[in-house]
Amino acid sequence: MLVLSRKANQSIMIGDSIEIQVVDIKGDQVKIGIDAPRSVTIHRKEVYVGIQDENRRAAKSTGSNVTGLSELFKKNDKHK
Amino acid sequence: MVKIKSKALGEVEVSEKQRIHFPDGILGFEFIKHYYLLDMGDSPFYSLQAEEEDEIAFILIQPELFVSDYKLVVPRSDLEALGIKQEDDLLDFAIVTIPENPEKMTANLQGPVIINRHSRIARQVISLNEKYHTKHAVLEALRQKQGEAD
């Protein structure tokens, strides 16, 4: 991993269309501003990893009885 | 029509119209680019069966069915990437996780699967609605939704 030191208001360019700026530093928290084309998706890593982990759990669970699931759902859906 | 092996339903016949293209794959399963969306008869659930990977499938449900006041909020860039111009163009699903006790099944509303119903191009997106997380108790939410309807 490339490591660079930056102060508040300084930036890093990634390629020629992505700019990452240190907006503010307070204690152990850093505020980061990102300028990127709309086609680039930006997310907090823990959200991304959380979804990945949940997908893996979901893929493991699909072997279970599908008819049973449907009945469980309908039993709770009393308006149908 | 072609016959495929599916994890949820065994051998089934599928048509081209059920074949969904995920150019970026599903998070954690990026190597799979095509799935078949299988209807499970009179059931609120669907199976998203990986093409050429019999053992990989996801159970899907439409969040509107069990979440009261469900609102899909996703980055515009995701909709543009899928060529979605209006709400009518899209199908929106949540992936369901079934634990040992299926009563405790959960749905991932933070990472919904969005499909352009015309082109059948899809993507798992990350919701911008901060109310949603990866583990919504489906039956509990359903009972709550019913309660509000009374």
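As a proxy for reagent exposure, ranking B:TYR35, B:TYR46 by other Cβ atoms within 10 Å from fewest up yields B:TYR46, B:TYR35. Restricting the trypsin sites (Lys or Arg not before Pro) of region A:1-51 to loop positions (DSSP other than H, G, I, E, B) with no more than 11 neighbouring Cβ atoms within 10 Å leaves A:LYS7, A:ARG38, A:ARG44. With a Förster radius of 30 Å applied to the beta-carbon distance between B:HIS21 and B:LYS71, the computed FRET efficiency rounds to 0.70. Take each residue of peptide A:38-44, count the partner chain Cβ atoms within 10 Å of its Cβ, and average: the result is 4.
Of A:ILE12, A:ASN55, A:MET1, which is farthest along the charge dipole of chain A in the positive direction, counting Lys and Arg as +1 and Asp and Glu as -1 at C-beta? It is A:ASN55.
So what's the angle, to the nearest 10 degrees on a 0 to 90 scale, between helix A:66-76 and the longest Cα principal axis of chain A? Its long axis makes an angle of about 90 degrees. With a Förster radius of 45 Å applied to the beta-carbon distance between A:MET1 and B:LEU9, the computed FRET efficiency rounds to 0.50. Placing +1 on the Cβ of every Lys and Arg and -1 on the Cβ of every Asp and Glu, with nothing else charged, gives chain A a dipole about its Cα centre of roughly 420 debye. From least to most packed, judged by other beta carbons within 10 angstrom and beginning with the fewest, B:MET1, B:MET105 follow the order B:MET1, B:MET105. Panel order for A:THR67, B:THR134, by other beta carbons found within 10 Å of each beta carbon, from fewest to most: A:THR67, B:THR134. Taking the Cα centre of the protein assembly as shown as reference, the dipole from Cβ charges on Lys and Arg (+1) and Asp and Glu (-1) amounts to some 380 debye.
Is the shape of region A:14-66 rounded, prolate or oblate, going by the alpha carbon gyration tensor and its root eigenvalues a ≥ b ≥ c, with a/c under 1.5 for rounded and a/b larger than b/c for prolate? Judged from the Cα gyration tensor, region A:14-66 comes out oblate (a/c at least 1.5, b/c at or above a/b). Restricting region B:40-98 to trypsin sites (Lys or Arg not before Pro) that sit in a DSSP loop and have at most 13 other Cβ atoms within 10 Å of their own Cβ leaves B:LYS71, B:LYS85. Between B:ALA94, B:ALA107, B:ALA81, the GNM of chain B built on Cα springs shorter than 10 angstrom shows B:ALA81 fluctuating the most.
Here, each number is a calculation from the coordinates, and none is a lab measurement. All values reported here derive from a predicted model rather than from experimental measurement. So basically every Cβ, Gly included, is an ideal-geometry build from the backbone, and we count neighbours across all protein chains shown.
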